Every structure is written in structure tokens, then in C-alpha cells.
Amino acid sequence: MKQILLLIFLSSICLHSKSITLNENDLKTIDNSKDSKAIKIRLVKYVNLKQKVRPFTNTLKKLSHVNSFYNKILPVNDSTKYNVDDHWATPKEFLINGKGDCEDYAIAKYFTLLEVGIPKEKLYFGIVKVKGETNYHMVLLYFENKKSIPLVLDNLSFKVVPFDIRKRLEPKVVFNEFASYTLKNKKIYKKVRINWGKNKDDNKWEKLLNRVYSKNE
């Protein structure tokens, strides 16, 4: 199985430069895990998902397949999994661990959609409040253009629907690799700067991008 996984992921990187690749440490972690078999099955299904949806010309169909794939992974609080209040896992980390918090779902969906041909300027992470809940929640949003109401990919729902249908979600701010905005009537409204904290290490978004693009974590 180890050789099969290596061949799958090496061939995958040839097809797309942003594809998840496994190194020797990853393979050791997988082989030593009590959930080794489940992890390997999940990784193979991840590769199959990309091969299946990449040719789709229907954007909603592509978004829905990716949303459903990740929503089958079990949720867990960061405090339980990592002993910290807020850990942003990379897609590879999420797939290997097999559990995650709301931002882990959104992050994995984002990078997978990039791999299957969705332009990154159309994807935004949305920080929202769920009515009746005290904590903030993260979703992934797809904007056909900056004047449109986006579609919502959410680990709380298997349905990808327009944002205005999700009445319980109150948007606070959206961001991607280019900019961040506030929303008005659930449409992009005004460009803003997110205060990630005083120190460079406080910026979870920049740290995540570095871990994915530079460190292959």
C-alpha cells in the first residue's frame, strides 16, 4: 500500500503543481497510526475525487462534490484534537488526521477546488456568526463575480446554496489570497484589513499559506 500511495501522489503532482504530496515522514505517520487503513482509503478517495470532478463543466456540481467529500469527515474541536483554541490544519494534515474544526473543512475545500480548476479569485473564506451560537464559524464562499451573491460550502450542510438562503449565517468578513472585504446584503461591499494580531506569528492565514506552498505540510 505504501508504494501504491507514493505512485498515486507522485503522478498527481505531475498533473497539478498544487497537489498534496506525501513524504517519507507522512508515510511513517500513516503506517504507525491505529487508523492506517482508513487513512489510506481516504487518501485514495481524495485522488479519485479530483480525477472525477476536474472535467466537470458545471461549477455547482464541482463545488457540491468537493463539499460532500469533506463533510463526511468527522468534526472535532481544536481544544480536543490539538490542545489549543484555534489550529488551522493544512489539507494534508486534515486528510491524515481524519477529523477537524470548521476552518479545516473550508481550507481543505479551498485548495482542492484550486486543484480541479476553480479560479482562486472566486473563492473566499467567510467568517460568520451562526444565529444562536456564541462562537464564530468559517465557511468557504464561491463568487461568480464581485456583484453576485456567493454560494456557500459549509461543513454544517451538504447542500451548496446561495448565501441569502442561509438565513442563520451572519457574515462578518471574507478574505482570500488577494484581499478582504465586508459584505452588505451578503454581497461584497467594502475592502477592509483584518487584524490578525500584533505579531507575525499571530497571522494564521499567512502561516497556513507558507505551510502549504513552501513547506508541503
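The values are calculated or read from the model by the stated rules, or taken from the named source; none is laboratory data. Computed from a prediction, not measured in an experiment: that's the story for all the values here. SASA here: full protein model, heavy atoms, side chains in, ligands and nucleic acids out. Shrake-Rupley method; radii C 1.70, N 1.55, O 1.52, S 1.80 Å.
The figures follow:
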| item | result |
| --- | --- |
| Sequence of T59, T112 from largest to smallest accessible area, 1.4 Å probe | T59, T112 |
| From phi via Karplus (6.51, -1.76, 1.60), per-residue ³J(HN,Hα) for region 99-109 in Hz, x at Gly/Pro | 8, x, 9, 3, 5, 5, 4, 4, 5, 4, 5 |
| Phi to ³J(HN,Hα) by Karplus 6.51 cos²θ - 1.76 cosθ + 1.60 over region 201-207, Hz, x for Gly, Pro | 5, 7, 7, 5, 5, 5, 5 |
| For the chain, accessible area per residue (1.4 Å probe, heavy atoms of protein chains only), Å² | 55 |
| Whole-number D in µm²/s for region 61-217 (Stokes-Einstein; Kirkwood sum over Cα pairs; 10 °C, 1.306 mPa s) | 100 |
| Percent carbon-and-sulfur accessible area, the chain, ignoring ligands, DNA and RNA, probe 1.4 Å | 51 |
